[in-house]
Amino acid sequence: LAGLVGITAGCAEVSPVGAICIGAICGFVVVCSVFFIDQKLHIDDPCGAASVHGVCGFLGSTLVGFFAAPGYGTCTGLLYGGGFHPLAIQFLGAACYVTWAFICGLIIFKIVDAIMGRARHRRLLRLPDFHERISPYLLPFSGGTPARGSLTEGSGRILKKIFYQQKE
């Protein structure tokens with residue numbers, strides 16, 4: 001997925017070999033980014049969306065300025081003798097959309113924090129401990145109790161027995 005995200009921005013500008021190179025670079029970088037975001041920054045991103053879309057999107061957009069091939073689009077990248085200008089333009093564009101996303105996200109999170117408050121916000125977004133251990137996918141979407149005899153009810157009962165060693 002990281003390779004696809006990385007090449008999406010420049011698919012019209014790069015050659016097939018350039019696309020493979022961008023995809024491979026993004027595939028390596030996403031692994032490093034997931035570990036960095038999780039272990040160093042301590043940001044909870046269980047599916048790696050920030051790494052895939054944020055980091056690899058930025059990197060793929062920037063690498064267009066390096067791998068843009070003559071005859072495929074309107075510019076020539078640094079690798080093919082186009083100079084630093086396309087690379088600088090791509091970097092500037094990627095930096096602009098990162099800045100825009102950060103500012104918009106900050107505004108939205110501040111509004112949510114002002115309306116809901118942190119303690120209530122955390123309480124509403126977290127499942128009870130038991131439900132997190134069994135799996136949120138087994139819970140009903142309605143928020144109510146499952147219908148008698150439903151798959152959700154049966155699975156919940158079985159998992160409750162397993163995790164809490166309860167008798168029916």
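Rule-based calculations on the coordinates, nothing more; no lab input. This one's a predicted model, so the numbers in the text were calculated from it and none came from an experiment. Don't worry about glycine lacking a Cβ; one is built from the backbone with ideal geometry, like all the others, and counts go over all protein chains shown.
Residues in segment 93-116 near a label at residue 44, defined as backbone nitrogen under 17 Å from the 7 Å Cα→Cβ point? So the set is 109, 113. Separation of segment 63-118 from segment 45-60 is 13 Å, based on Cα centroids. When peptides 28-34, 93-99 are sorted by average Cβ neighbour count within 10 Å, with the highest value leading, the order is 28-34, 93-99. Residue by residue, segment 19-34 carries 3J(HN,Hα) couplings of 5, 5, 5, 4, x, 5, 4, 5, x, 6, 5, 5, 5, 4, 5, 4 Hz when phi is fed to the Karplus relation 6.51 cos²θ - 1.76 cosθ + 1.60 (θ = phi - 60°); x denotes Gly or Pro.
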